[in-house]
Amino acid sequence: MKFTLKQLTIFAALAIGAAACSDNDPDNTITVDAAMTEIAYDEDGVWADCLNPEAAYIDCQGVRFSHFAETSPYGTYWYGFCPSRNSDNADYSDGNWLDHQWTAMPGGSTSGKGTPYIIAYWNTIDNPAEGDASLRISLADGGEFNPVHVYFTNTTYGYYAMANGTAWSKKFADGDWCKVVVRGIYADGSLTEPLEFYLADFRDGASKIVDGWTLCNLSSLAAEGPLTAICMTMESSDTGMWGMNNPAYFAIDRLKIEKL
């Protein structure tokens, strides 16, 4: 039987595709997309269990994001990670920001407005060096991995607080800055050297507060070996005796890791 050149080209493409999908060459990377996880959202597009004390974490595609909620005499508070698809990026500086703390400045993930992403709210008194990390990411099965990248941006609360100032924090000006500090955690609990991403930077004549999704390469965290977790904290020039003054929020999307 004779085959045309077009038929041979199709057969070759099919063979290459089959080889690429074979058990001998598995795809061991995960790019977390909150849209690929079944998540219940409330009427504002916020994870329905964000204030549920029984919700200790949320798993997305086998990746576990820490979450804490607790009820007190003053109400229920939370910190950690919280999925959201809220798209309201208005400035509520004259209102109650706590009612609008779950929105990323782009109003959606890297896929577009209204698509889900993940809000991060750092507990400013935690200490990852002592095993206390409010923002902790690991594999749900506890396995080791190499981080590849993640996208960062500001939440509306964080952005407008730095742009306008609040009753508790200053309006950012020359010399000010705010950053996310990312560290890897090894199997023995020790930490890697930090990797930094600036959410706002007014140093050396700059005047920038991040309002769009920005890629951050995380591969250097695994330079000395694989990790069992990633933790994130924050630092700011607007810091007083009680710690960081500007709101301790940011948002992440499309975390990519390589399972080992």
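When the residues of region 113-145 are filtered to those that are among the hydrophobic types (A, V, I, L, M, F, W, C) and within 15 Å of the chain's Cα centre (by Cα), the one that is surrounded by the fewest Cβ atoms within 10 Å (Cβ to Cβ) is LEU139.
Of all residues in region 182-198, those satisfying the criterion of being within 18 Å of SER138 (Cβ to Cβ), assigned to a strand (DSSP E or B) and of a type outside the set (Lys, Arg) are VAL182, GLY184, ILE185, LEU191, LEU195. Show the residue pairs meeting these rules: Cβ distance below 9 Å; 6+ apart or different chains; first residue within region 235-246 and closer than 16 Å to ASP126 by Cα; second residue open to solvent by 60 Å² or more (accessible area, probe 1.4 Å) and among the aliphatic types (A, V, I, L, M). Every condition considered, the pairs that remain are GLY243/ILE125.
Among the residues of region 50-81, those that are assigned to a strand (DSSP E or B) and among the hydroxyl-bearing types (Ser, Thr, Tyr) comprise TYR57, SER66, THR71, SER72, THR76, TYR77, TYR79. The number of residues in region 214-244 being closer than 25 Å to ASN96 by Cα and either open to solvent by 60 Å² or more (accessible area, probe 1.4 Å) or among the small types (Gly, Ala, Ser) (or both) comes to 8. Being open to solvent by less than 50 Å² (accessible area, probe 1.4 Å), touching a helix residue (DSSP H, G or I) at 6+ places or on another chain (Cβ under 7 Å), among the aliphatic types (A, V, I, L, M) and touching a residue at least 24 places away in the same chain (Cβ under 8 Å) holds for only one residue in VAL148, VAL180, and it is VAL148. Scanning region 189-222 for residues being more than 18 Å from the chain's Cα centre (by Cα) and over 24 Å from SER66 (Cα atoms) gives a total of 8.
Out of SER72, SER87, SER93, report the one residue that is out of contact with any strand residue (DSSP E or B) (no Cβ under 6 Å at 6 or more places or on another chain), within 22 Å of ASP211 (Cβ to Cβ) and open to solvent by 20 Å² or more (accessible area, probe 1.4 Å). When all the criteria are applied, what remains is SER93. Return the residue satisfying two criteria in turn: it lies in region 91-132 and is of a type in the set (A, V, I, L, M) and assigned to a loop (DSSP other than H, G, I, E, B), and of such residues it is farthest from TRP78 (Cα to Cα). So the residue we want is MET105.
The values are calculated or read from the model by the stated rules, or taken from the named source; none is laboratory data. Note that the structure is a prediction, hence the values are computed from the model and not measured. A quick note on method: Cβ atoms are made from the backbone with ideal geometry, for glycine too, and the neighbour counts reach across all protein chains shown. Heavy atoms of the whole protein, side chains included, go into the accessibility calculation; ligands, DNA and RNA do not. Shrake-Rupley method; radii C 1.70, N 1.55, O 1.52, S 1.80 Å.
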